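Structure, as structure tokens:
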Amino acid sequence: TTAIDLSGSGNHGTINGASWSDDVVSFAPGVTLATSAGTHTNLSPVPVTATFTKNVTGLVVGDIVSGNGSASNLSGTGKDYTFDLTPTAEGEVWAYIPADIASDETDANNTASDTLTVIYDITQPTLTLSSSAVPLTTTSPVPFTATFSEMVANFTAEDIALTHGTVSGVTGGSNYSL
């Protein structure tokens, strides 16, 4: 194989007995944190997985740094670990694994993980229903507005129980028009 010097100085070279490899050599174990709870949750504790790029040893629950919560129930070996992150109060809860906590078979220490952040929310939203056509009306359809105290997801016409009519035109995010 010939290596061409593209600088224009003409220092070309020849490589004998080499082969190309797509293998990536990782010198220090990296770690990524993830949760199945999503970005907003009412789960407590929040289940967390810590996935290392190489087999490691030496990780203990006290090494996990957290805010507005605490880590417990660490288990796992090799590349895959799990732990619980129990929120202290509503709001942002986070955790990360610092650098130089766990090591691989060559005694290379891990790099710091990303910071896992979730919003812990256990307060149920309140709902206010109102209409511009009350108390009695012959207007059809009757306009209603459903106002939630915070953003809600997956609110649809099927969530509304109604007698003597049908529900249509549900649109919104925290204020819904029907």
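The values are calculated or read from the model by the stated rules, or taken from the named source; none is laboratory data. What you are looking at is a predicted structure, and each value in this text was computed from that prediction instead of being measured. Cβ atoms come from the backbone with ideal geometry, glycine included; neighbour counts cover every protein chain shown. When the accessible area is computed, the model is the full protein with side chains, heavy atoms only, and any ligands, DNA or RNA have been set aside. Shrake-Rupley method; radii C 1.70, N 1.55, O 1.52, S 1.80 Å.
Here the peptides 50-58, 135-143 are ranked by packing, the mean other Cβ count within 10 Å, and the order with the highest first is 50-58, 135-143.
What net charge do the residues around Thr32 carry, taking every other residue with its C-beta under 14 Å from that of Thr32, with Lys and Arg at +1 and Asp and Glu at -1? Spell out each step's value before the answer.
Details: positive: Lys54, Lys79; negative: Asp80, Asp114.
Net charge in that neighbourhood comes out at 0.
Between Ser132, Ser149, Ser36, the residue with the greatest mean-square fluctuation in the GNM of the chain (Cα pairs under 10 Å linked by springs) is Ser132. For Ile119, the accessible surface of its heavy atoms amounts to roughly 60 Å² (probe 1.4 Å, protein chains only, rounded to the nearest 10). Atom-type composition of the exposed protein surface of the chain places 53 percent of the accessible area on carbon and sulfur (1.4 angstrom probe). Within the set (i) 33, 24, 12; (ii) 58, 15, 12; (iii) 55, 27, 13, the number that semi-axes √(5λ) of the Cα gyration tensor in Å takes when calculated for this structure is listed as (iii).
Kindly state, to the nearest 0.05, the FRET efficiency for Ala34 paired with Ala89, given R0 = 22 Å and r defined as their beta-carbon distance.
Working: r = 23 Å, r/R0 = 1.04.
Here the calculated transfer efficiency is 0.45.
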